[in-house]
Each structure stands twice: as structure tokens, then as C-alpha cells.
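Following: one structure in C-alpha cells, then a few remarks.
The values are calculated or read from the model by the stated rules, or taken from the named source; none is laboratory data. Fair warning: this is a prediction, and the values are worked out from it, not measured in the lab. A quick note on method: Cβ atoms are made from the backbone with ideal geometry, for glycine too, and the neighbour counts reach across all protein chains shown. Note: accessible area is taken over every heavy atom of the protein model, side chains too, but ligands, DNA and RNA are not part of it. Shrake-Rupley method; radii C 1.70, N 1.55, O 1.52, S 1.80 Å.
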Amino acid sequence: MAQRSFWKGYLKLSLVTCPVAMAPAVSENEKIRFHTLNRETRNRVVSQYVDSVTGKVVKEDDEVKGYERGEGEYVLIEDDELESVALESTRTIDIDIFAPRDSIEWIWLDQPHYLTPDDPVGEEAFCVIRDAMAATKTVGISRLVMYRRERAVMLEPRDKGIVLWTLRYGDEVRDKAAYFETINANKADPSLMSLVLQLIDEQTKPWTPSMASDPVEDKLHELIAAKKKGRKRAAKPKPEAETPPSNVINIMDALKKSVAAASKTKR
């Protein structure tokens, strides 16, 4: 069943405009969430802001945001001052740039959203924009006010719809060279490479969502179900201390044993 959209507006390319609706592509609503309670009364605990020096509770009217400019020194920013620099929300996704899809690395992708036509009359315009991007292997780049900030967004054709990705800001992505430049760039030994390729072939399976399941969430459901029935779950035994792996290994022997084990499992 289609989820209710949280944003409605227009998709625009030059003089072509069509109504669209957008909904988050991922959700955490099914995740188990806990409240903090008073063990004695079973009432929920309410959090309050407390002055770090006096220890007294701060009234809501006395709360103010501050930017630390030095140790113990702050520039106070009032709510109306924050509102003065806020951007006006726009309801139009105006595509003004197209880029090759493979030119945008995965690390820039932030949050995915499903974009769909919101009017049968405008559906043809939506579909022709989608199909044109798919045919040219390009994505559209636009800007949009989302989550109270202006963000660059990428529109990618996907099946019958479009996936809109919010993109990370330029100062959020660290330069990979700072981490990878000291790694040996020499090509791997061909004989070792052959064994790893064989191991990959033995362990390759089609992707399914179950590969990204959360075993802790499943165990939490079991724990809650047992609690509802008044049963106590057996305490988890303490794990034995792990022995750190030895750095002195024969890679060839280890790969041969791995390939043999993978072949046996597959059979």
C-alpha cells in the first residue's frame, strides 16, 4: 500500500511543469523504542534543562542558543535572529543542471525519497522527464528547502518513478586521499588474486533484504513477547575473551582453506 506523502509541489524543467508528491524511501517507524520510567511508580521521566553551575532548573523563557567563541564565552543568538536567516520554503523542484550518473559518488548521497506524479494530467510530463534522464544516463540536480535547510538534491530515474536524494554538503565529505594515500598501490599477487576470485564466486548470491536484517531487533521482539507472558528470558552467558588474531599468517594457506570451506558449504 502506498504511503502518504509528506511533501507536495511541482517538478519543473524549463517550461515543463507537473505536480509531484514526495515520501521518504526509508522508515524507522517499526524500530522498537523505549521510554525511561521511574522504576517505583512506573511513570515516565521528564527531562529538564538544568544550569550547570547553580544546579537550578532553567525556565523555558530563559533558554537561549549560544555559539561558543572561547572557553566559557558565548555569542547569544535569539530565535527571531535565527528566523531572519532561514530560507523561504519553495514548492518547486526546478532542474537546472544535468550530470552523468556515474560522476556522483555514493558518498555524496544522503537521504532517499520517492517522487511520484500527483496528478493524472501531469503524469505524461513526469514520465518524459524520467525517461529522458534514463536514456541519457544522467541525473537532475536542483535545490530545495528540506528539513529547515536548503539542500542540493539529485533526481535519479528508478523503475516507473524518480528517487530524489538529498546530497551532503561539501564540507561534510572528507577527502579520501588523507586516509588512503599511504596504502600500498602495487597490484596483488596473481596466484592470490585467483584464489580470492574463486572464493568470491563460491560465496556470491543474489541480493535479498534479509541480508541486511537486524538480529538484535528480532531478539528484542522475543524478549518483549516473553515479558508480556510473564516469562523470564535466560541471561546471556558472558562471552569468552577473544584471542587476538596473529599477524603472522600464510595468506596462500589461509585462502586455500577458505576456498575449500566455501566449496564444501555450497555443496
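The table that follows gives values for the structure above.
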| item | result |
| --- | --- |
| The stretch 129-142: number of residues that are touching a residue at least 24 places away in the same chain (Cβ under 8 Å) and surrounded by 13 or more Cβ atoms within 10 Å (Cβ to Cβ) | 8 |
| Selection status of GLU78, more than 30 Å from ALA134 (Cβ to Cβ), in contact (Cβ under 8 Å) with a residue 12 or more places away in the chain and charged (D, E, K, R) | yes |
| Residue ranges of strands (runs of 3 or more DSSP E) in the stretch 18-100 with at least 2 members charged (D, E, K, R) and either at pLDDT 85 or above or on the phi > 0 side of the Ramachandran plot (or both) | 65-70 |
| Test for LEU115: is it modelled with pLDDT of 95 or more, surrounded by 11 or more Cβ atoms within 10 Å (Cβ to Cβ) and within 24 Å of the chain's Cα centre (by Cα) | yes |
| Residue, farthest from ASP79 (Cα to Cα), within the stretch 115-158, restricted to residues that are part of a strand (DSSP E or B) and hydroxyl-bearing (Ser, Thr, Tyr) | THR138 |
| Among (1) of a type outside the set (Val, Ile, Thr); (2) within 27 Å of GLN111 (Cβ to Cβ); (3) open to solvent by 90 Å² or more (accessible area, probe 1.4 Å), the one test that PRO24 misses | (3) |
